[in-house]
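Notes follow the structure.
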Amino acid sequence: RIVDVGNVTLLLFALLTIILYVWGKIMNEDDFKMAWSWLAIGWAILMFNVSFERHVLEIRRKLVPRNSPHLSSMVNSFDYGEVGEEDMSLPAWCSVDLKKYNATRSTFNKVFIAGKPNRQETLYWLDRYGKEWYAILLQTNLIFIGVDCAMQFSMFLPLMVREAPMSQSIPYGILTMLSIMGNMLNKKHLISNLAVVSSVGCYRSMKVISEVFREQKTENLVRCFLIIYRLRRFAHEAQIHPKEVSREDENYYTKKLDPLEILEVTQTFKSFSHDREALNSAQFKSLMSTLGGEVSDEALKKMISTMDLDGDGNVSQEEFLQWYSDNMIRDDSSTLRDAPRVLFQLFDQDKNGELTISQFKSKLDALRVGFSVDEQIAIVNELDRRGNGTISQYEFELLFRKFPPTELRSIGEKFEYFPGELCSVATCHAFV
């Protein structure tokens with residue numbers, strides 16, 4: 001919405017340009033008066049942006065439950081006022097009196113905005129057209145910031161330095177920089193909050209939401225593939241050259257994984273352990289054989305003894321996270337580069353260089369990632385770029401490049417393994 005500038009935005013900016021031209025004529029095109037007038041406009045826009053952001057934060061505050069612990073201090077700083085016997089677990093928009101709002105609705109909204117708003121739409125300026133109007137304001141705002149910088153640095157600031165006395169040029173320069181910096185800083189927060197209030201409640205896009213959920217599951221699938229591949233390698237390494245997991249402290253993995261990454265890896269562990277507290281040797285053996293091929297009992301035993309820090313014969317969630325942080329989060333690309341090729345060869349039972357849909361689907365079902373039939377079809381259609389009903393090794397490798405686990409993305413980028421053009425919707429939402 002930021003870059004998709006429509007005719008209404010351009011028309012509004014053209015109107016402002018005409019007003020500025022008329023203003024210049026009224027002042028007989030006096031460059032100094034124009035400079036100070038333009039500076040005043042910049043400060044007026046900044047004051048409006050601050051007020052607009054507070055209004056957007058107020059909307060955001062009303063769209064979430066009033067006793068929610070997940071709000072930022074900035075949002076919580078607003079006073080809810082008198083709520084009486086209302087349920088504090090419900091967001092404030094649930095308490096809007098539609099009859100009262102429609103009775104006191106502005107004449108402009110009644111005349112120019114067709115239909116009646118729902119409760120959530122009453123929170124916005126121009127109620128039913130609120131989202132579109134806010135997008136226009138943001139677009140106009142961003143265009144103005146660009147024009148303001150161009151006007152100041154190419155025309156007015158050089159003029160003041162060259163021809164105005166220092167008693168005017170220095171204050172003008174300071175005020176100009178403060179105005180520009182204020183608008184630039186405000187832009188970041190305004191975009192962030194507008195992204196929220198324009199994407200929740202009645203403005204949710206279920207298609208985008210389902211796409212993000214599918215991509216999150218696909219990212220977890222890639223993590224499962226990489227973990228099983230690394231476990232197979234670790235089992236062989238443990239048999240030849242035993243390597244102990246870090247025992248520095250109980251929560252050593254928290255130094256390498258952030259809370260969100262720990263949660264994601266924990267969910268993967270639970271899918272492996274069938275929601276139990278630990279993985280036993282039988283589950284490990286079943287997990288290893290899921291992708292094809294066998295691991296000897298001796299190698300499996302040595303691997304578990306290496307990972308088992310408390311010596312109870314099982315690998316707990318904490319021990320698994322410890323192993324993961326030591327063996328997956330490290331500064332090399334061997335796992336990322338080798339895993340797709342090795343896994344494809346394991347999956348390719350016919351050894352013809354192609355994976356059939358049934359072969360790929362059987363691996364998805366075995367890992368219990370939670371894909372629906374429609375999601376499985378979507379993944380296959382996305383991978384099968386040639387449209388011949390099979391998946392080649394190159395197409396299979398694209399799965400790892402496009403949906404890298406969050407905690408491994410920085411390693412892949414360092415080795416240029418994840419090209420930028422393959423960025424997914426879920427990755428974009430993460431950045432937002």
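The values are calculated or read from the model by the stated rules, or taken from the named source; none is laboratory data. For clarity, every value in this text was computed on a predicted model and none was experimentally measured. Heads up, the Cβs are rebuilt from the backbone with ideal geometry, glycines too, and the neighbour counts pull from every protein chain shown. To get the accessible areas, we keep the full protein, side chains included, count just its heavy atoms, and leave off ligands, DNA and RNA. Shrake-Rupley method; radii C 1.70, N 1.55, O 1.52, S 1.80 Å.
Using every Cα-Cα pair within the range 145-237, state what percent have a distance larger than 19 Å.
Details: 2929 of 4278 pairs.
Counting every Cα pair in the range 145-237, those more than 19 Å apart make up 68 percent.
Mean silhouette area of the range 346-396, derived from the convex hull of its C-alpha atoms and averaged over all directions, reads 3.5 nm².
So, R0 is 25 Å and r is the distance between the beta-carbons of Leu346 and Ala282; what FRET efficiency does that work out to, to 0.05? Display every interim value, and only then the final one.
Numbers: r = 21 Å, r/R0 = 0.83.
The formula returns an efficiency of 0.75 here.
Hey, what does the equivalent ellipsoid look like for the range 257-385, semi-axes from the Cα gyration tensor as sqrt of 5 times each eigenvalue, largest first, whole Å? Please report the intermediate quantities before stating the final value.
Working: eigenvalues 149, 64, 50 Å².
With the √(5λ) rule applied to the range 257-385, the semi-axes are 27, 18, 16 Å.
For the full complex of protein chains and a 1.4 angstrom probe, list Val50, Val197 by accessible area with the highest value first. Don't skip to the answer; put the middle values down first.
Details: Val50 65, Val197 0 Å².
The ranking, largest first, comes out as Val50, Val197.
Here the peptides 59-65, 342-348 are ranked by packing, the mean other Cβ count within 10 Å, and the order with the highest first is 59-65, 342-348. So what's the gap between the Cα centers of the range 118-178 and the range 189-217, to the nearest angstrom? Measuring centre to centre over Cα atoms gives 28 Å.
The H on the amide N of Leu279, modeled in the peptide plane, is under 5 Å from the matching H of Val315, Ser316, each at least 5 residues off or on a different chain.
Which lysines, on any chain, are close to Lys62 with Cα under 27 Å apart, when same-chain ones fewer than 8 places away are left out? Within the straight-line cut-off, Lys62 pairs with Lys99, Lys100, Lys110, Lys116, Lys131, Lys187, Lys188, Lys207. What do you get for Rg/Rh over the range 128-167 if you use C-alpha atoms and the Kirkwood form of Rh? Using only Cα positions, Rg/Rh for the range 128-167 is 1.33. Looking at the square roots a ≥ b ≥ c of the eigenvalues of the Cα gyration tensor of the range 167-214, which shape do they give, rounded for a/c under 1.5, prolate if a/b is larger than b/c, or oblate? It comes out prolate by the Cα gyration axes.
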